[in-house]
Amino acid sequence: MANTNTGHMGAETDLQSIPALLARNAAKYGNRPAFREKEFGIWQTDTWAEVAEKVRDLGLGLINLGIAEGDFVAIIGRNRPSLYWSMIAVQSVGAIPVPLYQDANAEEMAYVLGHCGARFVIAGDQEQVDKVIEIQEGLHQFEHMIYLDPRGLRKYDHSRLHEFAHVLAQGRAAADEFSPELERRTAKLNFDSTCVMLYTSGTTGKPKGVVLSNRNIIMSSKASAEFDRLTHEDEVLAYLPMAWVGDFIFSIGQASWTGFCVNCPESADTMMTDLREIGPTYYFAPPRIFETQLTNVMIRMEDAGKFKQWLFAKFMDHAKKVGPAILDGKSVSGMDRLKYKLGEYLIYGPLKNTLGFSRVRVGYTAGEAIGPEIFEFYRSLGINLKQLYGQTEASVFITQQPDGEVRNDTVGVPSPGVEIRIADNGEVFYRSPGVFVEYLNNPDSTADTKDSEGWVATGDAGFIEKSSGHLRIIDRAKDVGKMASGAMFAPKYVENKLKFYPNILEAVVFGAGREYCTAFINIDLTAVGNWAERNNIAYASYQELAGHPQVLETIRQHVSEVNKSVAQDEMLSGCQIHRFLVLHKELDADDGEMTRTRKVRRRIVEEKFDDLIGALYDGSDEIFTKTEVTYEDGRKGAISATLKLLDAEVQPVAKGSMAA
Amino acid sequence: MSAQAEEYVTEDGRKIGGVMMEMKNITLRFGGVVAIKDISFDIREGEIRAIIGPNGAGKSSMLNVISGFYNPQEGDVIFRGKKRPQMRPYKVAQQGIARTFQNIALFEGMSVLDNVMTGRLTHMKTGMFGQAMWWGKAQDEEVYNREKVEEIIDFLEIQAIRKTPVGRLPYGLKKRVELARALAAEPKLLLLDEPMAGMNVEEKEDMSRFILDVNDEFGTTIALIEHDMGVVMDLSDRVVVMDYGKKIGDGTPDEVRSNQEVIDAYLGVAHD
């Protein structure tokens with residue numbers, strides 16, 4: 001088959017769908033690995049040719065079950081090759097895959113399944129099957145569910161339930177009958193057909209279904225793959241939620257476009273081990289993961305012997321000095337280079353190997369601001385970590401940092417094919433081939449977000465730096481407000497500075513329309529717990545540790561230091577934190593305080609803890625509070641605590657430094 | 001016996017077969033102490049059979065009789081229709097009976113993987129020398145056994161601790177590793193001695209699910225001792241109740257729950 005019918009392959013526009021790309025990969029890279037999954041302790045590989053065959057069988061099996069063109073098919077589970085193939089198979093029969101967050105609870109799932117009217121569900125295991133069964137009464141369009149892992153499901157009523165392997169076998173058996181139909185449906189797909197629908201987690205209100213066409217996904221994948229020169233020889237680790245647009249672009253879009261190999265970890269708990277075994281060349285992680293890894297390194301270094309600690313400190317200092325410059329190809333003295341080489345041999349190399357970053361050629365972080373120290377740390381080791389700025393509505397890419405122009409405080413230049421415009425109020429707008437088609441069944445929201453010329457509002461406030469042409473993001477546009485004095489209030493800016501301290505996991509700053517700013521703080525249990533252990537401080541619970549006087553004192557110092565740094569920014573010096581408290585519970589997605597992608601839902605936190613905010617402004621020293629919590633299994637309980645309210649050191653603000 | 005030997009299907013669709021093991025008039029003495037007094041009951045293929053009773057009722061002794069660790073002075077153990085002669089525990093293990101212990105009995109310094117591998121010992125045929133040299137058949141055998149062990153690691157969801165020394169694990173996980181080792185022997189009959197002792201509610205729920213899944217997936221017959229009445233009643237098909245070495249009840253959870261003698265033994269009787 002190899003190169004017979006590919007005379008047109010030069011004209012890549014022929015490849016207008018993921019199934020078409022899959023067919024090309026099967027022909028061009030037939031024997032190369034497409035997907036790997038660690039199972040039973042061993043990496044199991046499927047080649048592109050094998051994937052094409054399985055996708056075909058599943059497509060036939062779906063037709064056998066009566067799937068129609070335009071049907072929505074929900075995909076729920078952890079990252080597994082079979083679920084990725086399911087999405088391509090669903091596309092090949094003209095239906096639309098809708099990946100969902102696997103940790104969504106039944107209620108959230110009921111909303112999205114009802115909203116798109118999914119007829120089919122493909123679920124990873126019993127846990128997901130149970131959730132759907134629990135809510136199926138309310139889902140009138142739901143008909144069939146296919147499950148991957150049969151464990152524990154033997155006894156279930158199988159009138160609407162099908163095992164994945166059986167659907168494949170049935171499809172294969174019915175190949176003669178349905179092949180023409182499958183081919184007809186696949187051939188119909190073009191740039192305008194829907195590639196995938198993804199629900200945005202929504203920091204406010206109900207999730208919205210973002211419809212992305214083949215044009216959106218394939219053009220974005222093509223542009224971004226060329227930007228970073230990705231090839232079929234790259235390797236990625238797929239461990240971020242399948243419902244997240246980034247994972248779809250990396251593991252389906254770019255993988256299909258370039259033909260690189262997608263590796264799936266054995267389980268969520270083994271991710272770090274698997275990362276090390278695979279050693280990806282192209283890697284993506286939210287700042288939180290880089291932060292956790294760095295914290296772990298530091299904690300383990302503290303347990304090392306004196307000599308090792310000294311060696312580590314010495315070479316890390318040197319790396320900080322010259323590492324980023326070497327990475328960017330700037331001139332560095334021969335002596336420094338030699339010393340860096342030695343460090344590479346003694347410290348950096350082994351450390352990168354432990355972290356699983358030995359082979360990383362391109363690494364990205366996005367979603368939140370990353371701490372300057374964390375960012376520096378990885379770059380000084382010689383890991384090409386960059387930032388990008390993106391959205392589901394943009395098929396990820398809006399701006400990204402080119403090699404050699406990497407900085408901590410910008411998010412880069414517009415990605416290829418993307419135009420950027422800053423509105424008068426500071427909000428960032430963009431237009432690109434990746435811009436989404438619409439929000440499903442929600443013309444009002446679509447019109448609010450995307451204008452008739454195709455410009456999309458990001459909801460973020462920012463500006464383009466004149467000197468470099470890089471975009472800088474300040475905050476969510478709707479969160480940027482004014483304080484009572486008229487000074488500019490940008491909570492995220494301050495929160496990010498706070499979160500850069502390893503002891504602080506999360507921070508929420510208040511102050512819009514107020515005299516001064518206040519903050520809620522979540523301690524990081526790993527970092528603070530380790531400190532407590534080291535200093536022989538006993539604690540029985542998160543709550544107790546969070547209320548410990550010494551912990552409070554440490555946090556107060558952090559807040560005061562942040563105030564010093566905030567005071568230096570002319571525009572935002574009013575945002576210093578006068579009073580704060582350390583929360584008695586971690587903000588949690590199960591309680592609705594965060595989104596599933598772990599972004600704080602400001603309004604909900606504000607409503608839920610309004611008694612605490614009140615106390616921060618009325619001058620009291622402590623407050624008793626009771627909070628409802630939801631356990632992972634959906635049960636509810638309540639915790640109560642008496643919280644101390646603390647004052648932090650504030651720097652004087654120069655007069656006349658009002659916001660424009 | 002054999003009056004009730006016909007098969008039936010439980011409400012939740014599991015097949016319960018004929019009698020697998022029968023205990024016939026078992027009496028066990030330690031010197032003058034009578035630990036078990038003339039007890040008879042049976043265990044059927046595919047069922048989950050619980051033995052309950054207050055402290056010191058003789059439950060663990062009973063389990064030790066089944067596992068061949070103790071030899072009763074009187075009575076017969078009939079396994080698959082044949083009277084079982086007095087035999088060493090490893091012989092019993094070769095017959096397809098595996099167990100876990102009330103006080104975890106793992107090799108603390110060894111990894112989870114190695115601990116579970118020891119469960120495969122009864123399935124290994126090559127000698128010590130061959131294994132030490134890792135040569136020829138020994139190599140094939142190890143690969144085969146490792147595969148079996150990996151299936152169990154996957155089944156019990158302990159992949160992340162595969163290479164962790166057991167000594168570093170929390171209690172709940174150790175219990176799970178012990179279950180893994182017992183399962184690695186691919187037993188026909190699995191004996192669990194207080195699988196949920198000392199666990200919190202969440203760990204108990206997990207363990208219950210694993211026990212049900214083992215029974216369902218591998219068709220393993222399970223006999224278990226447990227204190228938590230809620231767990232016993234939810235899990236088991238039939239329950240034997242013991243008190244002071246005697247059997248005071250035997251039947252489905254519902255039957256046992258309404259048995260006056262059982263209620264008295266558990267709640268105490270007013271002496272008037």
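The values are calculated or read from the model by the stated rules, or taken from the named source; none is laboratory data. The structure presented is a predicted model; accordingly, all values stated were derived computationally and were not measured. Cβ coordinates were reconstructed from backbone atoms using ideal geometry, including for glycine residues, and neighbour counts include every protein chain displayed. Accessible surface is based on the protein model in full, side chains and every heavy atom, while ligands, DNA and RNA are left aside. Shrake-Rupley method; radii C 1.70, N 1.55, O 1.52, S 1.80 Å.
Applying the criterion of being within 29 Å of residue B:145 (Cα to Cα) and β-branched (Val, Ile, Thr) to the residues of the range A:31-55, the residue that is farthest from the other protein chains (Cβ to nearest Cβ) is A:47. Touching a Leu at 6+ places or on another chain (Cβ under 9 Å) and either under 30 Å from residue A:226 (Cβ atoms) or of a type outside the set (Asp, Glu) (or both): is that true of residue A:307 in this structure? When the stated conditions are applied, residue A:307 does not pass them.
Inspection of the range B:57-65 identifies no residue that is in a strand (DSSP E or B) and either within 14 Å of chain A (Cβ to nearest Cβ) or in contact with a strand residue (DSSP E or B) (Cβ under 7 Å, 6 or more places away or on another chain) (or both). Taking (1) within 14 Å of chain B (Cβ to nearest Cβ); (2) out of contact with any helix residue (DSSP H, G or I) (no Cβ under 8 Å at 6 or more places or on another chain) in turn, residue A:173 satisfies each apart from (1). Each residue in the range B:139-165 was checked for being more than 14 Å from chain A (Cβ to nearest Cβ) and either surrounded by 23 or more Cβ atoms within 10 Å (Cβ to Cβ) or polar (S, T, N, Q) (or both), and 1 pass. Restricting attention to the range B:171-196, the residues that are over 28 Å from residue B:91 (Cβ atoms) and either open to solvent by less than 10 Å² (accessible area, probe 1.4 Å) or away from every other protein chain (no Cβ under 14 Å) (or both) total 3.
The set of residues from the range A:143-167 being open to solvent by less than 10 Å² (accessible area, probe 1.4 Å) and modelled with pLDDT under 90 comprises A:152, A:153.
Listed here are the residues, each with its yes/no results for (1) in contact with a helix residue (DSSP H, G or I) (Cβ under 7 Å, 6 or more places away or on another chain); (2) of a type in the set (Asp, Glu).
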{"residue": "B:202", "(1), (2)": "no, yes"}
{"residue": "B:211", "(1), (2)": "yes, no"}
{"residue": "B:219", "(1), (2)": "no, no"}
{"residue": "B:250", "(1), (2)": "no, yes"}
{"residue": "B:258", "(1), (2)": "no, no"}
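Within the range B:96-127, the set of residues being touching a Lys or Arg at 6+ places or on another chain (Cβ under 9 Å), farther than 30 Å from residue B:227 by Cβ and either in a helix (DSSP H, G or I) or in contact (Cβ under 8 Å) with a residue 40 or more places away in the chain (or both) comprises B:111, B:113, B:117, B:120, B:123. Taking first residues from the range A:133-158 that are within 14 Å of chain B (Cβ to nearest Cβ) and among the charged types (D, E, K, R) and partners that are in a loop (DSSP other than H, G, I, E, B) and surrounded by fewer than 16 Cβ atoms within 10 Å (Cβ to Cβ), the Cβ contacts under 6 Å between residues at least 6 apart in sequence or on separate chains come to A:155/B:12; A:155/B:13. Just one of (1) free of Cβ contacts under 8 Å to residues at least 60 places away in the same chain; (2) over 19 Å from the mean Cα position of the chain (by Cα) fails for residue A:387. It is (2).
Being open to solvent by less than 50 Å² (accessible area, probe 1.4 Å), part of a loop (DSSP other than H, G, I, E, B) and of a type outside the set (Asp, Glu) is a property that residue A:558 lacks. A residue that is out of contact with any Gly (no Cβ under 7 Å at 6 or more places or on another chain), charged (D, E, K, R) and part of a loop (DSSP other than H, G, I, E, B) occurs nowhere in the range A:602-620. Quick check, is residue B:228 within 13 Å of chain A (Cβ to nearest Cβ) and touching a residue at least 12 places away in the same chain (Cβ under 8 Å)? It is false that residue B:228 is within 13 Å of chain A (Cβ to nearest Cβ) and touching a residue at least 12 places away in the same chain (Cβ under 8 Å). Across the range A:43-70, the number of residues qualifying as over 27 Å from the mean Cα position of the chain (by Cα) and open to solvent by 20 Å² or more (accessible area, probe 1.4 Å) comes to 13.
Checked against (1) more than 22 Å from residue A:79 (Cα to Cα); (2) within 14 Å of another protein chain (Cβ to nearest Cβ), residue A:127 passes all but a single condition, namely (1).
Please state which one of B:85, B:89 is more than 17 Å from the chain's Cα centre (by Cα) and either hydroxyl-bearing (Ser, Thr, Tyr) or surrounded by fewer than 16 Cβ atoms within 10 Å (Cβ to Cβ) (or both). Give the steps one after another, and end with the answer.
Numbers: B:89 fails: more than 17 Å from the chain's Cα centre (by Cα).
B:85 is the lone residue from the list that is more than 17 Å from the chain's Cα centre (by Cα) and either hydroxyl-bearing (Ser, Thr, Tyr) or surrounded by fewer than 16 Cβ atoms within 10 Å (Cβ to Cβ) (or both).
From the list B:51, B:16, B:26, the lone residue that is closer than 17 Å to residue B:68 by Cβ, in contact (Cβ under 8 Å) with a residue 60 or more places away in the chain and not basic (Lys, Arg) is B:51. The strands (runs of 3 or more DSSP E) falling completely within the range A:445-515 that include 1 or more residues that are assigned by TED's automatic domain parsing to the domain that holds residue A:580 map to A:504-510.
Exactly one residue out of A:132, A:121 is in contact with a His (Cβ under 9 Å, 6 or more places away or on another chain), within 29 Å of residue A:591 (Cα to Cα) and either open to solvent by less than 30 Å² (accessible area, probe 1.4 Å) or outside the structural domain of residue A:239 (by TED's automatic domain parsing) (or both), and it is A:121. Scoring residue B:45 on the criteria (1) among the acidic types (Asp, Glu); (2) under 15 Å from the mean Cα position of the chain (by Cα); (3) within 18 Å of residue B:249 (Cβ to Cβ) leaves a single failure, condition (3).
Looking across the range A:97-107, the residues that are surrounded by fewer than 24 Cβ atoms within 10 Å (Cβ to Cβ) and touching a residue at least 60 places away in the same chain (Cβ under 8 Å) come down to A:101, A:102, A:103, A:104, A:105, A:106.
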